[in-house]
Amino acid sequence: LLYVVLLGLFYVTLTFGVVYTGRVLYREARLSRMKTDFVSLVSHELRTPVTSIRMFIETLALGRVKDPAQTQEVLKMLTQETERLSTLVDRVLDWSRIESGRKEYHRETLPVPVVVETAVSAFRAQRLEGDMQLTVDVPEHLPPVQVDRVSIAGALLNLLQNAYKYSREDKRIALSVRASRRWVDLTVEDHGMGIARQDRKRIFERFYRVDNLLTRKTEGSGLGLAIAKRIVEAHGGRITLKSELGKGSRFTIQLPVHKV
Ligand code: ADP
């Protein structure tokens with residue numbers, strides 16, 4: 001009997017040892033992967049705006065631009081590049097807070113239209129160029145949700161921005177809200193380039209961007225959807241996607257109804 005007990009103990013210790021070492025190694029590997037991702041992001045995405053900003057400042061400092069209208073133009077580009085840099089830094093910080101479990105959510109019970117309005121007004125404030133047509137359909141009598149307004153509106157804003165960025169001429173975007181007994185669905189539909197089946201899962205991974213001409217020409221970090229997914233899941237919800245290549249996409253944020 002003693003032999004069996006000792007053997008049992010030995011196996012239990014061994015299993016714990018293996019599992020523990022495995023977890024430590026996994027964590028190490030994840031950390032090192034995060035660092036590699038971060039370094040490649042810094043070297044590509046962050047360097048571009050920094051280089052342009054430096055160039056614009058030098059142009060102004062050397063007094064090369066004499067015409068006031070041209071000076072305004074350079075200042076406008078300088079502002080745009082600075083904003084781009086600042087958005088990117090915010091995204092990276094947001095992602096690192098989520099990954100390390102330091103992101104805090106301030107949940108409140110809110111009417112759905114308040115959340116929608118927060119995202120829509122931020123989207124409109126960006127004054128995007130081109131013939132963008134946004135329709136917003138929010139029915140009356142919706143059940144409330146319990147959310148961190150800034151985070152959820154941010155996730156919705158990201159869907160709206162993507163709908164705009166990844167559409168060519170036809171920039172009709174429809175935001176609609178539907179509710180069932182348990183869920184409130186916030187759907188953003190576009191008539192853009194669509195997403196191929198093999199990319200549909202992967203676009204929610206961090207830093208993943210579909211490799212095509214339009215994406216290459218469009219600014220982005222590949223972090224937006226990864227952040228949005230984590231935020232929605234932290235609220236007990238999920239993001240679903242329906243899409244057809246060349247026709248358009250429908251992203252839906254599903255949030256649990258807050259029962260009072
Ligand atoms: P970003 O836009 O910064 O690259 P996201 O995480 O928001 O990062 O999106 C990841 C990728 O998913 C995008 O690079 C793009 O290739 C694809 N994508 C996202 N939204 C859409 C959309 N509405 N239509 C087509 N492709 C999209």
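The values are calculated or read from the model by the stated rules, or taken from the named source; none is laboratory data. The structure presented is a predicted model; accordingly, all values stated were derived computationally and were not measured. Here the Cβ is made from the backbone with ideal geometry for all residues, glycine too, and neighbour counts use every protein chain on show. Areas reflect the complete protein model, heavy atoms only, side chains present, ligands, DNA and RNA absent. Shrake-Rupley method; radii C 1.70, N 1.55, O 1.52, S 1.80 Å.
So for the chain, considering every pair of alpha-carbon atoms, how many percent are separated by more than 34 Å? Cα-Cα pairs in the chain separated by more than 34 Å: 33 percent.
When +1 charges are put on Lys and Arg Cβ atoms and -1 charges on Asp and Glu Cβ atoms, the dipole computed for the chain relative to its Cα centre reaches about 700 debye.
Between Val18 and Ala196, the modelled labels are 4.0 nm apart [label points 7 Å from Cα along Cα→Cβ]. For the range 57-129, the list of GluC sites (Glu not before Pro) that fall in a loop by DSSP and count at most 16 other C-beta atoms within 10 angstrom reads Glu104, Glu129.
Taking the helices alone, the chain has a mean residue ellipticity at 222 nm of -18000 deg cm²/dmol, built from -39,500 (n - 2.57) per DSSP H run of at least 4 residues and averaged over all its residues.
Of all the options Val24, Val65, Val39, the one that moves most in a Gaussian network model of the chain with Cα springs shorter than 10 angstrom is Val24. Radius of gyration over Kirkwood radius for the range 140-202, both on Cα atoms: the Rg/Rh ratio is 1.03.
Within the range 26-114, the chymotrypsin sites (Phe, Trp or Tyr not before Pro) that combine a DSSP coil assignment with at most 15 other C-beta atoms in a 10 angstrom radius are Tyr105. In this structure, Arg149 and Thr59 have a Cβ-Cβ separation that, at R0 = 35 Å, corresponds to a calculated FRET efficiency of about 0.30. For the chain, leaving out every one of the trypsin sites (Lys or Arg not before Pro) that falls in a DSSP loop and has at most 13 other Cβ atoms within 10 Å, the longest unbroken run is 1-63. For the chain, carbon and sulfur atoms together expose 56% of the accessible surface, with a 1.4 angstrom probe and every protein chain in place.
Rounded to the nearest whole Hz, the Karplus-based 3J(HN,Hα) values (6.51 cos²θ - 1.76 cosθ + 1.60, θ = phi - 60°) of the range 152-167 follow the sequence 5, 5, x, 5, 5, 4, 4, 5, 5, 5, 5, 4, 6, 5, 9, 10, with x at glycine and proline. The P(r) of the range 49-161 has a tail past 20 Å containing 60 percent of all C-alpha pairs. Looking at the range 135-194, the accessible area is 46 square angstrom per residue; that uses a 1.4 Å probe and ignores ligands, DNA and RNA.
Compute the helix-to-body angle for 2-41: its Cα long axis versus the longest principal axis of the chain, expressed 0 to 90° and rounded to tens. So the helix axis and the longest Cα principal axis differ by about 10 degrees. Quick check on the range 19-108: take the gyration tensor over C-alpha atoms, sort the square-rooted eigenvalues as a ≥ b ≥ c, and tell me if it's rounded (a/c under 1.5), prolate or oblate. Oblate is the answer for the range 19-108, as a/c is 1.5 or above yet b/c matches or exceeds a/b. Sorting Val260, Val145, Val50 by accessible area puts them as Val260, Val50, Val145; the probe is 1.4 Å, largest comes first, and only protein heavy atoms count.
Each other residue within a Cβ distance under 15 Å of Val114 adds +1 if Lys or Arg and -1 if Asp or Glu, for a net charge of -2. For the range 226-243, putting each phi into the Karplus relation 6.51 cos²θ - 1.76 cosθ + 1.60 with θ = phi - 60° gives couplings of 4, 5, 4, 4, 4, 5, 4, 5, 5, 9, x, x, 7, 10, 10, 9, 10, 7 Hz, in residue order, rounded to whole numbers and with x for Gly and Pro.
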